Amino acid sequence: MGPHRKTNQDAAFTASWGAAVADGVGGGPAGDLASAAFIHRLAAGRLDGLEPVQLADAVRSANWDLRAHVERDPSLSGMATTFTGLFAARDGGLLLAHTGDSRAYRLRGGELAQASRDDSLVQALVDRGIVSITDAASHPRRNIITASLSGAERDAATVTAHDAQTGDRWLLCSDGLTDYVPDEEIRDLLLEFPHAGTAVEACVAVALEAGSSDNVTVVVCDVVLDAGENGVTPAQTAFYGAAAERFMEGLESA
């Protein structure tokens, strides 16, 4: 996580069973609180071995937590966050949940593919053939999102199922990376650095060098099946974000 703005509105968590990134919506109040509160609720729930409907329900419950914060403190009304999370599924595959413009990519066989679809104005224009994919990357309204999580009843995440293959590498990130680093360069960085932590550091460094004026949060997950049999120690749950200290209690058991 590379802070750039005075207030870092990103939050993230990593664990052996899942990982997620959230980006508090700019222009609204307490974006750092929105992202951290939402991510904490998911991390504390240990969402391991889920069916798609269970993951959708977990996202809905975490979203209701945001509403509870607003009910306790009306000054927080309007706070919202994007969200992209990857979780172990009951069938041995993976489940991806997504809202907003934080992204998920999968690297397989040297090829990088975007696994999430941006909930954004520019993506809608691309879908209609009004804006090309090439022009979308520099469109002046590319940061306008059409969906987020704010505690509203209508809020929801898109959940998709993916197979899990040993050697796959997943990247979850806020738009502080993708607004400044093209997909081809992200792919090259993921291929160049075999250690996940080093790959994260490289992605953040390149984004900042490219002039990112946003916070840059990156999570890299490597798929290892039967980790215990291969001598891989499961990662402890870790929680990141400017407002993380408000929600640390209870994570040790996640």
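Here is how the numbers come out for the structure above:
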{"item": "Qualifying residue in region 125-137 (condition: surrounded by 15 or more Cβ atoms within 10 Å (Cβ to Cβ), touching a helix residue (DSSP H, G or I) at 6+ places or on another chain (Cβ under 9 Å) and under 30 Å from residue 71 (Cβ atoms))", "result": "no"}
{"item": "Answer residue from region 16-34, given it is within 24 Å of residue 169 (Cα to Cα) and in contact with a strand residue (DSSP E or B) (Cβ under 6 Å, 6 or more places away or on another chain) and is surrounded by the fewest Cβ atoms within 10 Å (Cβ to Cβ) among those", "result": "17"}
{"item": "Qualifying position, being assigned to a strand (DSSP E or B) and within 16 Å of the chain's Cα centre (by Cα), among 86, 112, 47, 55", "result": "86"}
{"item": "Scan of region 198-210 for residues that are closer than 20 Å to residue 102 by Cβ and not hydrophobic (A, V, I, L, M, F, W, C), ordered by number", "result": "201"}
{"item": "Matching option when the condition is over 22 Å from residue 23 (Cβ atoms) and hydrophobic (A, V, I, L, M, F, W, C), among 80, 157, 164, 137", "result": "164"}
{"item": "So residue 157, is it out of contact with any Asp or Glu (no Cβ under 8 Å at 6 or more places or on another chain), touching a residue at least 40 places away in the same chain (Cβ under 8 Å), surrounded by fewer than 18 Cβ atoms within 10 Å (Cβ to Cβ) and farther than 23 Å from residue 212 by Cβ", "result": "no"}
{"item": "Test: residue 245 is over 20 Å from residue 167 (Cβ atoms), modelled with pLDDT under 80 and assigned to a loop (DSSP other than H, G, I, E, B)", "result": "no"}
{"item": "Region 47-75 - residue that is more than 14 Å from residue 155 (Cβ to Cβ) and crowded, with 19+ Cβ neighbours inside 10 Å and, of those, modelled with the lowest pLDDT", "result": "47"}
{"item": "Sole residue being of a type outside the set (Lys, Arg) and more than 18 Å from residue 26 (Cβ to Cβ), chosen from 176, 167", "result": "167"}
{"item": "Selected residue (criterion: surrounded by the most Cβ atoms within 10 Å (Cβ to Cβ)) from residues of region 76-93 that are more than 24 Å from residue 144 (Cβ to Cβ) and out of contact with any Ser or Thr (no Cβ under 9 Å at 6 or more places or on another chain)", "result": "86"}
{"item": "Some residue of region 121-133 being polar (S, T, N, Q), part of a helix (DSSP H, G or I) and under 22 Å from residue 216 (Cβ atoms)", "result": "yes"}
{"item": "Residue satisfying all of: in region 1-15; small (Gly, Ala, Ser) and modelled with pLDDT of 90 or more; surrounded by the fewest Cβ atoms within 10 Å (Cβ to Cβ) among these", "result": "15"}
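The values are calculated or read from the model by the stated rules, or taken from the named source; none is laboratory data. Predicted model, so just to flag it, every value in this text is computed and none were measured. Quick reminder, even Gly has a Cβ in these numbers, built from the backbone with ideal geometry, and neighbours come from all protein chains shown.
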